[in-house]
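Have a look at the structure below, then the notes.
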Amino acid sequence: MNIEEFIKQLNKAQDLMSQEKYKEAIVLLEELKEIDKETNLNYNLTHRLYQLSSNCQSLYNQKIILMHINEISKNSTSLTLQKLNQILKDEFKINLEEKILVREIELLILRGLLSCRIEDNKILF
């Protein structure tokens with residue numbers, strides 16, 4: 001793949017992200033990572049690739065976390081981090097360290113998408 005095509009694919013991944021098609025973007029970015037390993041891309045392209053990949057994975061995680069917390073909060077006043085993490089593992093094959101899970105929840109709160117707080121190992125609605 002030449003540089004122009006690689007850039008076009010990076011832009012496509014970014015467009016997918018803006019449309020909240022995170023899974024599709026993740027697949028494309030993983031393919032581009034394989035190409036990056038096989039070729040000698042310049043630092044700026046490699047940096048952009050891995051930055052997009054990290055952001056995309058985080059946004060995907062946040063989307064799933066938000067969906068589950070909103071659903072659970074309808075019938076409950078709290079949820080343990082361990083229980084949420086287990087749901088993510090079982091239903092979506094997402095395996096997050098607890099500190100990453102907390103960070104994703106905090107980002108949702110900072111973005112104004114979630115109204116809750118974290119105390120000890122519980123999410124309080």
- line: The condition of being modelled with pLDDT under 95 and part of a helix (DSSP H, G or I) holds, among Lys8, Lys33, Lys37, Lys12, only for Lys37
statement: Of (1) assigned to a helix (DSSP H, G or I); (2) modelled with pLDDT of 95 or more, Glu20 satisfies every one except (1)
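The rows are residues; the columns are (1) under 29 Å from Ile7 (Cα atoms); (2) in a loop (DSSP other than H, G, I, E, B).
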| site | (1), (2) |
| --- | --- |
| Lys63 | yes, no |
| Ser76 | no, yes |
| Gln82 | no, no |
| Leu96 | no, yes |
query: Among the residues of the range 104-116, is there at least one that is over 16 Å from Ser58 (Cα atoms) and part of a helix (DSSP H, G or I)?
result: no
- line: Across the range 3-60, the tally of residues that are under 25 Å from Glu97 (Cβ atoms) and of a type in the set (Phe, Trp, Tyr) stands at 3
query: Can you name every residue in the range 74-95 that is open to solvent by 40 Å² or more (accessible area, probe 1.4 Å) and touching a residue at least 40 places away in the same chain (Cβ under 8 Å)?
result: Ser76, Thr77, Thr80
query: Listed residues Ile69, Ile3; which is over 14 Å from the mean Cα position of the chain (by Cα) and under 28 Å from Cys116 (Cα atoms)?
result: Ile69
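I'd like to check something: does the range 98-107 contain any residue that is among the acidic types (Asp, Glu), farther than 30 Å from Phe125 by Cα and within 19 Å of the chain's Cα centre (by Cα)?
No.
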query: Would you pick out the residues in the range 17-54 that are touching a helix residue (DSSP H, G or I) at 6+ places or on another chain (Cβ under 8 Å), within 20 Å of Phe92 (Cα to Cα) and open to solvent by less than 80 Å² (accessible area, probe 1.4 Å)?
result: Met17, Tyr22, Ala25, Ile26, Leu28, Leu29, Ser53
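The values are calculated or read from the model by the stated rules, or taken from the named source; none is laboratory data. Just so we're clear, the structure is a prediction, and the values are computed from it rather than from any experiment. Note: ideal-geometry Cβ built from the backbone for every residue, glycine included; neighbour counts use all protein chains shown. Heavy atoms of the whole protein, side chains included, go into the accessibility calculation; ligands, DNA and RNA do not. Shrake-Rupley method; radii C 1.70, N 1.55, O 1.52, S 1.80 Å.
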